[in-house]
Amino acid sequence: MPDDVVQEPAVSAGLPDQREAIAGWYLRRSHRRLWMLPLTAWLLVFIAVLLLRGTVEDPRANFRASQAAFLALAPPSLPKGENAAEDYALAQTAFVPFAPAQGKSNSDLFSNITGDSKFFETQEVQTFLANNTLALQHLYAGAAKAKCNWGLNYDLRAKWGNPTRFPWGNNNENLLAAHARASAHAGDHKAAAKSIATIYRLAEQCCSDPVFERCWGAVATARLADRTVEAISTWDTPGSLDDLDAYRKAVWHPRWGSDVVLGFLAAWKKQGLGYMDGVACGALQAGIFHSLPAQHLTPRGGGILGYGPERHCVAAVMDEIIARSARGQYLNTKDMEELVAKHQTGPARLAAEIISYVQRHLERYANSEEQARVADAGLAFLMFRMKHGRDPKSLDELVPEFMPAVPQGIRCPQPLRMKMEPEGVFVKDVKNSPPVRRYPGATRIFAARSDGVDEGGYSSSDGFSLYDDKYNASFCVPPREKPAPESGGKAP
């Protein structure tokens, strides 16, 4: 064999070349599936997370813009002497608390606002009113002013911790209600109507600032005035058309469809978006929104899964709610759910929570406006009785002499109804107080329930449940001949 010929090493029979073996290992399809499938799955999850987080949105920049837009709604400062809030603060300073009689039960002022007028003859009530003469004058002065700036902290992060009622609680409104009841019992219905009008004015001014918006407090304040008007008509029925007309003029109406509701919606759109932005960038804690599902947020509290799509969904739904409300339409829970589904392009759990919060507030505004309508119809009923010496057979008889038309409900757009109760009407309108049987033969004027069910004006819970979406706005008109009402018993 020649020397320049290199002999390759022999390959053992049956053993493949090592390089071929390695190449075959890499190229085998079963092995590719083993490592490609988890890699592909991981990449899909990563891409999905990026899409859901809405990477085209910058939550920190959005948060700054939302804060600026929200704070821009704050009213301008008012010159000293033109701000009604100054008078209300003076009234609070001059306020002297009610001192119940020693050893007497059921002597709480608030619990007796709708009760027997004899309570307002007691020495402790008379002393309470005499001690608060100056406070009443300050309240009347504030109600007479056109503008009110509450001067609150409008920082979005502090907004969520603010109370839902007036800064001083309900001292002022309870004082006015007690004064109205005592004045009506003494026969001075003009003075009573003035105090009631002032309660409504407090509620209205509470809503005049969309940033301060206090739906819960404003509606509850108006509800106190509604109940006080009904109590006066029950226990100390006015004896002249002029007095009844004074009460009708005092009732805050209209409430629904006004700038109050549209102002609330405009502010809430900015506030709701700002809340989402703040949580997404970690500037706000998720816990400040109590109904927010914790599992919807990242573990550290900053970031929202699907932030971008959800933010667009909330903005689009709020725009449609505002447009429909401006046309006087009422949106119930089902309507809201359909709007969220219509504008949903990704996860919408947080959007549904925020829109549900808005719907609950609209429910309260609608309920409050329905209460204004039934109260006005009840007072018109009494005017018809006084002028014609009999009760109307239907609300249609009040048209056109006392009303241009029979009002309709809002949540269920049907005409108001009336029903005479031969055996009397049980009412429980103060939490934990015993039910009261109104006079046998009383007439109840009411709006149909939100789902259209006619329960004769009764709520599904306790007769007067302000925050129940099945609550019936109602007004009880006493019979022409009034026997003594009964307290206690079992409500229907």
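The values are calculated or read from the model by the stated rules, or taken from the named source; none is laboratory data. Owing to the predicted nature of the structure, the values given are computational and were not obtained by experimental measurement. Every residue, glycine among them, receives a Cβ derived from its backbone with ideal geometry; neighbour counts consider all protein chains shown.
Report yes if some residue within segment 308-316 is in contact with a strand residue (DSSP E or B) (Cβ under 7 Å, 6 or more places away or on another chain) and within 22 Å of VAL279 (Cα to Cα); otherwise report no. Yes, the conditions are met somewhere in segment 308-316. Select from segment 90-105 the residues that are at pLDDT below 80 and touching a helix residue (DSSP H, G or I) at 6+ places or on another chain (Cβ under 7 Å) and list them in ascending order. If the condition is that a residue be at pLDDT below 80 and touching a helix residue (DSSP H, G or I) at 6+ places or on another chain (Cβ under 7 Å), then ALA101 is the only one that fits.
Yes or no, residue by residue, for (1) among the acidic types (Asp, Glu); (2) over 23 Å from ASP226 (Cα atoms):
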residue: PRO79; (1), (2): no, yes
residue: GLN102; (1), (2): no, yes
residue: ASP108; (1), (2): yes, no
residue: SER111; (1), (2): no, no
residue: GLY115; (1), (2): no, no
residue: THR122; (1), (2): no, yes
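Among the numbered conditions (1) over 24 Å from the mean Cα position of the chain (by Cα); (2) modelled with pLDDT under 80; (3) not hydrophobic (A, V, I, L, M, F, W, C), the only one that ASP87 does not meet is (2).
The residues in segment 315-326 that are modelled with pLDDT of 90 or more and surrounded by fewer than 18 Cβ atoms within 10 Å (Cβ to Cβ) can be counted, and the count is 7. Annotation: of all residues in segment 354-393 being in contact with a His (Cβ under 8 Å, 6 or more places away or on another chain) and either of a type in the set (Asp, Glu) or surrounded by fewer than 20 Cβ atoms within 10 Å (Cβ to Cβ) (or both), the one that is nearest to VAL477 (Cα to Cα) is ASP376.
Consider GLU337 carefully, then state whether it is without any contact (Cβ under 8 Å) to a residue 24 or more places away in the chain and part of a helix (DSSP H, G or I). Answer is yes for this residue. Taken over segment 143-202, the criterion of being outside any helix (DSSP H, G or I) and modelled with pLDDT of 95 or more is satisfied by ALA144, LYS145, ALA186, GLY187, ASP188. If only residues of segment 118-147 that are within 24 Å of PRO100 (Cα to Cα) and among the small types (Gly, Ala, Ser) are counted, the one that is surrounded by the most Cβ atoms within 10 Å (Cβ to Cβ) is ALA135. Across segment 239-251, the number of residues qualifying as over 16 Å from GLY389 (Cβ atoms) and either part of a loop (DSSP other than H, G, I, E, B) or touching a Phe, Trp or Tyr at 6+ places or on another chain (Cβ under 6 Å) (or both) comes to 1. No other residue among GLN329, GLN344 is at pLDDT 85 or above, surrounded by fewer than 21 Cβ atoms within 10 Å (Cβ to Cβ) and over 30 Å from GLN408 (Cβ atoms) apart from GLN344.
I want to confirm something. Restricting to segment 66-82 and keeping residues that are small (Gly, Ala, Ser) and without any contact (Cβ under 8 Å) to a residue 60 or more places away in the chain, which single residue is farthest from LYS147 (Cα to Cα)? For segment 66-82, the residue satisfying everything is ALA68.
Return the residue satisfying two criteria in turn: it lies in segment 394-414 and is surrounded by 15 or more Cβ atoms within 10 Å (Cβ to Cβ) and free of Cβ contacts under 8 Å to residues at least 40 places away in the same chain, and of such residues it is farthest from the chain's Cα centre (by Cα).
Applying the first criterion (surrounded by 15 or more Cβ atoms within 10 Å (Cβ to Cβ)) to segment 394-414 yields 395, 397-398, 402-403, 406-407, 409-412.
Filter once more, keeping what is free of Cβ contacts under 8 Å to residues at least 40 places away in the same chain: 397-398, 402-403, 406-407.
Numbers: GLU397: 34, LEU398: 32, PHE402: 31, MET403: 29, VAL406: 26, PRO407: 23 Å.
So the residue we want is GLU397.
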